[in-house]
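The values are calculated or read from the model by the stated rules, or taken from the named source; none is laboratory data. Just so you know, these numbers come straight off a predicted model, no measurement behind them. Methodologically, a virtual Cβ is constructed for each residue, glycine included, from the backbone with ideal geometry; neighbour enumeration extends over all protein chains shown.
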Amino acid sequence: MPVPPETNIAHWFHQSACRQATRPALFVEETCYSYAELQQRVCAMASAIDRVDPYPANPVAAVFAYRSVAAYAAVLAILYTGKGYVPLNPHFPIARNLHIADLAEVDLLILDAQCEPMAQPLLAAVQKNLTVLLPDHARLPAWTQTLSRHRFMGQAEIFSPTPTLQMPRQRDNAVAYLLFTSGSTGVPKGVVVSPSNVNAFVVNMLARYQPTPEDRFSQHSDMTFDASVYDQFVCWAAGACLYSIPQKLRMAPAQFIKEHALTFWESVPAVIHFMKRLYQLKPGAFPSLRWCVFGGEQLTQEAVQWWQAAAPQARIDNSYGPTEGTICITGYFWQTGQSEAECRNGAVPIGIPYPGQMAAMLVDGQLRPGEEGSKGELCLSGSQITPGYWKNTAETAKSYLHLTSADGTSHRWYKTGDLVAWKNSVGFYYLDRVDRQLKIRGYRVELAEIEHVLRQVAQTDQVAVVGWPLGGGNATSVLGFVCGSPCAEAEILEECARRLPYYMVPRQLQHLAQWPLNANGKTDYGQLRDWVTANG
């Protein structure tokens, strides 16, 4: 389904809403909304933004909402105005959401009712005077009176009878969305994703899976995780219905999958392991599933076999891609009876790039293309590669390079920092990270950022963190080490929880009497890993 590359990504939803207004578009909070009903909300909110936007030239606006109709309508409404959206997460510490809002220079925010308690201290501390839309309130709540420097709008102002903006607006050099990933200096890095990046991705997914209006897509990922873009826009491009999984069921969704006869499933592989422990992967448990897409962390052969037994009619796709590559950019279809022999050390391959303009190559330490059987850093090129980091030319220059590929041509490539191997007829295998990053529950984490916060909180320079469990670039948590700190473990961890997202807070902190150093006088991470192995 070709679209001009720079087309507003809300076009996918708008096109389906015009074509099949009465079909279901969204199931959330036990309520089903048709395309017409959701579009009506979207157009009203977009028109309200249009009327009051304090800085229309600002390319982004923020969404502080979670698994509500207001959350999904807010994303689309911001996009309808020609802006991009910046998601904030109610499960992140206030300090991190505040940092993101300040870095993104947010001046307009859409807030749903359930996120209000987390948003109030943010609104009290944010540098700018904001315009805040409250689509869940017929009347402005009392707490808004204590924050009079911001402008608040309730339903009476938002939902006017005749919306003036009824289709997505086109804007040159637009941003589709802005996601902030972990940064080694303690400052999150904003990845700017353009409409052309997302449109290239959606076109690839429509060709790969061929979804129909009869399909029922899961919506599992938080909006601060870019897999949520796959959930929403591939679904709406197909005219299908999006099923938002309630927060309490996200890691144990078996009954939800069966009750709603979902046909598309997307999540991180950690969900498989969690469901297995809860005995939710019984053979034939999910007969309705026809496509299952996993990504964000390493997928094991064992996990695929568990899931395939539970979803015998489904095809399983192991996808791979950093945020800078727009969600996912390579994939590998699991084929029972063949794929078992193609796994490496129990891990499923990440496959080959999507057709068209996508390209991938591994390079050695001198950035020269590698050969079959060699190991090297994975570099990516093509229409899904993002423009760079938000107002950060130094970091952009480090990771986005012009390299010469094996055929002698020079293109713009993104250096992923992922160590891979290549095998003809199979594709790429993910091996590890070449830098000090991990994937934790699908989120990319800079260990140096955790150490930066730990250093401040523990009031000592002798700090370190390692991923847990040991081995590979994927982990479920991190372990912290400190030496010479005057602070108690509970005090340190409590303050870390105030400053870091939940998945970056050390699960355990070990005080060492003597700091391990290598021959160069640097922290000996090998000794720390040996300690972890010896102490379980």
ask   = Can you find a residue in the range 35-50 that is acidic (Asp, Glu) and part of a loop (DSSP other than H, G, I, E, B)?
value = no
ask   = Restricting the search to the range 51-74, which residues are under 23 Å from residue 160 (Cβ atoms) and not in a loop (DSSP other than H, G, I, E, B)?
value = 51, 52, 61, 62, 63, 64, 69, 70, 71, 72, 73, 74
query = Which condition number in (1) surrounded by 24 or more Cβ atoms within 10 Å (Cβ to Cβ); (2) of a type in the set (D, E, K, R); (3) more than 30 Å from residue 175 (Cα to Cα) is the one that residue 324 fails?
reply = (3)
inquiry  = Need a quick list: strands (runs of 3 or more DSSP E) entirely within the range 167-244 having at least 3 residues that are closer than 25 Å to residue 61 by Cβ.
reply    = 177-181, 189-193
key: Residues of the range 466-476 that turn out to be surrounded by fewer than 17 Cβ atoms within 10 Å (Cβ to Cβ) and either polar (S, T, N, Q) or without any contact (Cβ under 8 Å) to a residue 60 or more places away in the chain (or both), as a count   = 3
request  = Confirm whether residue 303 is touching a Pro at 6+ places or on another chain (Cβ under 6 Å), more than 18 Å from residue 426 (Cα to Cα) and of a type outside the set (D, E, K, R).
outcome  = yes
request  = Look at the range 335-347 and say how many of its residues are crowded, with 19+ Cβ neighbours inside 10 Å and touching a Phe, Trp or Tyr at 6+ places or on another chain (Cβ under 6 Å).
outcome  = 0
task = Taking the residues in the range 258-272 that are touching a residue at least 12 places away in the same chain (Cβ under 8 Å), farther than 14 Å from residue 440 by Cα and assigned to a helix (DSSP H, G or I) as candidates, determine which candidate is nearest to the chain's Cα centre (by Cα).
result = 272
query = Can you name the number of the only condition in (1) touching an Asp or Glu at 6+ places or on another chain (Cβ under 8 Å); (2) within 23 Å of residue 294 (Cβ to Cβ) that residue 399 fails?
reply = (2)
remark   = Sole miss for residue 204 among (1) surrounded by fewer than 21 Cβ atoms within 10 Å (Cβ to Cβ); (2) in contact (Cβ under 8 Å) with a residue 60 or more places away in the chain is condition (1)
message = Checking the structure you have, find out if any residue of the range 178-190 is at pLDDT 95 or above, outside the structural domain of residue 464 (by TED's automatic domain parsing), touching a Ser or Thr at 6+ places or on another chain (Cβ under 6 Å) and over 15 Å from residue 311 (Cα atoms).
response = yes
task = Could you please let me know if residue 122 is assigned to a helix (DSSP H, G or I), in the same structural domain as residue 152 (by TED's automatic domain parsing) and within 18 Å of the chain's Cα centre (by Cα)?
result = no
message = Quick check on the range 297-309. Is at least one of its residues out of contact with any strand residue (DSSP E or B) (no Cβ under 6 Å at 6 or more places or on another chain), under 21 Å from residue 206 (Cβ atoms) and charged (D, E, K, R)?
response = no
note = The correct count of residues that are touching a residue at least 24 places away in the same chain (Cβ under 8 Å), surrounded by fewer than 20 Cβ atoms within 10 Å (Cβ to Cβ) and over 14 Å from residue 186 (Cβ atoms) in the range 445-465 is 3
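Does the range 17-24 include one or more residues that are touching a Cys at 6+ places or on another chain (Cβ under 8 Å) and not aromatic (Phe, Trp, Tyr)?
There is at least one residue in the range 17-24 that is touching a Cys at 6+ places or on another chain (Cβ under 8 Å) and not aromatic (Phe, Trp, Tyr).
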note = residue 336 passes all but one of the listed conditions (1) touching a Pro at 6+ places or on another chain (Cβ under 7 Å); (2) of a type in the set (Ser, Thr, Tyr); (3) not in a strand (DSSP E or B); the exception is number (1)
request  = Test each condition in (1) in contact with a His (Cβ under 7 Å, 6 or more places away or on another chain); (2) buried (at least 21 other Cβ atoms within 10 Å of the Cβ) for residue 250 and report the one that comes out false.
outcome  = (2)
task = Tell me which residues, restricted to the range 1-26, are within 15 Å of residue 194 (Cα to Cα) and either in contact with an Asp or Glu (Cβ under 9 Å, 6 or more places away or on another chain) or in a strand (DSSP E or B) (or both).
result = 6
ask   = Quick one: how many residues across the range 167-181 are among the hydroxyl-bearing types (Ser, Thr, Tyr) and crowded, with 23+ Cβ neighbours inside 10 Å?
value = 1
task = Search the range 131-144 for residues that are under 16 Å from residue 64 (Cα atoms) and pair each with any residue that is assigned to a loop (DSSP other than H, G, I, E, B) and among the charged types (D, E, K, R) when their beta-carbon atoms are under 8 Å apart and the residues are at least 6 apart or on different chains.
result = 131/53; 131/107; 135/112; 136/112
Criterion violated by residue 50 - all others in (1) touching a residue at least 40 places away in the same chain (Cβ under 8 Å); (2) crowded, with 18+ Cβ neighbours inside 10 Å; (3) under 16 Å from residue 10 (Cβ atoms) satisfied = (2)
note = By residue number, the members of the range 357-390 that are modelled with pLDDT under 90 and in a loop (DSSP other than H, G, I, E, B) are 357, 358, 364, 365, 366, 367, 368, 370, 371, 372, 373, 374
inquiry  = Tell me yes or no: at least one residue of the range 419-435 is of a type in the set (Asp, Glu), surrounded by fewer than 18 Cβ atoms within 10 Å (Cβ to Cβ) and closer than 26 Å to residue 523 by Cβ.
reply    = yes
inquiry  = Out of everything in the range 131-146 that is surrounded by 17 or more Cβ atoms within 10 Å (Cβ to Cβ) and outside any strand (DSSP E or B), what residue ends up being farthest from the chain's Cα centre (by Cα)?
reply    = 144
